[in-house]
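Chemist: Sending over a structure as C-alpha cells; questions will come in a sec.
The values are calculated or read from the model by the stated rules, or taken from the named source; none is laboratory data. Quick caveat, the model's predicted, so the values are computed rather than measured. Here Cβ is always computed from backbone atoms with ideal geometry, including for glycine, and neighbour counts include all displayed protein chains. In case anyone asks, the SASA skips ligands and DNA or RNA and just uses the protein heavy atoms, side chains included. Shrake-Rupley method; radii C 1.70, N 1.55, O 1.52, S 1.80 Å.
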Amino acid sequence: MAASEPVRYPFQRPPPPPPPYRRGDKPGSSPPPPPPPRRPKQPIKRPPPIVTKVQERQKVQFKHLRSPTAIEFQSLMKGAQEKKSSGKTMTVNALGLLRQWTTFKKYGKRGSPAFRDVRLSPDNLYIEYISRKKSPEESKIAISQISQIELGWKSKNFNRFAPKPSLSKACFTITYDEGTLDLVAQNKADYLLWTEGLMKVRKLFKQQPLLSFTRVQHVDLEIPTSATYVSYVQYWEADR
C-alpha cells in the first residue's frame, strides 16, 4: 500500500461524489449561479358571483334559523309587548299558510332532533315533510288517519330527552294510526297555525264530502297580532 493513499476502514463511508458539472464547465471551477427568484403570482381579479333569484329566496327562507342577537331579541320582546297591550287580532287564511313549507324541529324515535320542513299537500289530504332517510310516500300522513293533536311536552319521543320548560309552549304532537309526529315551532304564529288551524281543517274534513273538501281554498283563523313577534328560535339554540 502506498504511503500517500489514506487508510480506509471497513466501517468508514466512501467520500461523496463530486458535484455534477454542466457541459463546457471545467473541473475545479465555481458552481453555476442560482436561478433568479420567481415573481409571486398576482391574484386573479374575478367578478363577483352571480346570485340567482332562487338563492336570494333561500337566504330569506332560512334567515329565521339564525339565533337573534341580544339587541334583536330585545326589540322583538318590545314589539310583542306593544302588540299585546293593544289586544288586536288578525284573520288569516290558515289553509293557504299550511300549504307553505314551514321549518320545525322534529323529535323522532331515535337520534337527536333535526330540522324538517312540513306542509299540507295542495289537495288538503296529506301532511308532508322532507326526510333524507324516508321516501316521499313514507314521509306523509293522511288527514283521515289523524286522531288528535296534543299540546305540550308529553309524547314518548319528547320524553326521550330532559323536559325543557322553555319549549313547552312551542311543541305539539300529531297522533295518527302509525305513530306520532312531534314538532317544535319557531314562533307563536306557526304554533297556532299548526294546532288550531290544523284542527279546523280536520273538522272540515269530517263534515264535507271528499271531493268538495279537496276544492276548499280558504279557512279563516284568528290569531293575535303579537304572535309573529314571539320567537322561540333562541330556545332552539339552548336545546342543542
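Chemist: If you check Arg132 against the conditions, is it open to solvent by 20 Å² or more (accessible area, probe 1.4 Å) and either assigned to a loop (DSSP other than H, G, I, E, B) or more than 20 Å from Val92 (Cβ to Cβ) (or both)? Steps first, answer last, please.
Modeler: On the way: open to solvent by 20 Å² or more (accessible area, probe 1.4 Å): yes; either assigned to a loop (DSSP other than H, G, I, E, B) or more than 20 Å from Val92 (Cβ to Cβ) (or both): yes.
Judged against the criteria, Arg132 is a match.
Chemist: Can you tell me which residue is nearest to Ser168 (Cα to Cα) among those in region 193-209 that are open to solvent by less than 20 Å² (accessible area, probe 1.4 Å) and of a type in the set (A, V, I, L, M)?
Modeler: The initial filter retains those residues of region 193-209 that are open to solvent by less than 20 Å² (accessible area, probe 1.4 Å), namely 193-195, 197-198, 201.
Remaining after also requiring of a type in the set (A, V, I, L, M): 193, 198, 201.
Details: Leu193: 16, Leu198: 19, Val201: 24 Å.
My answer is Leu193.
Chemist: Examine region 164-184 for a residue that is touching a Phe, Trp or Tyr at 6+ places or on another chain (Cβ under 8 Å), open to solvent by 60 Å² or more (accessible area, probe 1.4 Å) and assigned to a helix (DSSP H, G or I), and state whether such a residue exists.
Modeler: No, region 164-184 contains no residue that is touching a Phe, Trp or Tyr at 6+ places or on another chain (Cβ under 8 Å), open to solvent by 60 Å² or more (accessible area, probe 1.4 Å) and assigned to a helix (DSSP H, G or I).
Chemist: Continuing with the same structure: Which of the residues belonging to region 102-132 are modelled with pLDDT of 85 or more, of a type outside the set (A, V, I, L, M) and under 13 Å from the mean Cα position of the chain (by Cα)?
Modeler: Passing the criteria: Thr102, Thr103, Phe104, Lys105, Lys106, Pro113, Phe115, Arg116, Asp117.
Chemist: Is there any pair with a first residue in region 154-176 that is more than 22 Å from Leu193 (Cβ to Cβ) and touching a residue at least 24 places away in the same chain (Cβ under 8 Å) and a second that is open to solvent by less than 60 Å² (accessible area, probe 1.4 Å) and of a type in the set (Lys, Arg) whose Cβ atoms are under 8 Å apart and which are 6 or more apart or on different chains, and what are they?
Modeler: Nothing qualifies.
Chemist: How many residues, within region 210-223, are open to solvent by 90 Å² or more (accessible area, probe 1.4 Å) and either in a loop (DSSP other than H, G, I, E, B) or under 14 Å from Pro122 (Cβ atoms) (or both)? Full working, then the answer.
Modeler: If we filter region 210-223 for residues that are open to solvent by 90 Å² or more (accessible area, probe 1.4 Å), which is where we start, we get 210-211, 215, 217-218, 222.
Checking which are either in a loop (DSSP other than H, G, I, E, B) or under 14 Å from Pro122 (Cβ atoms) (or both) leaves us with 215, 217-218.
So the answer is 3.
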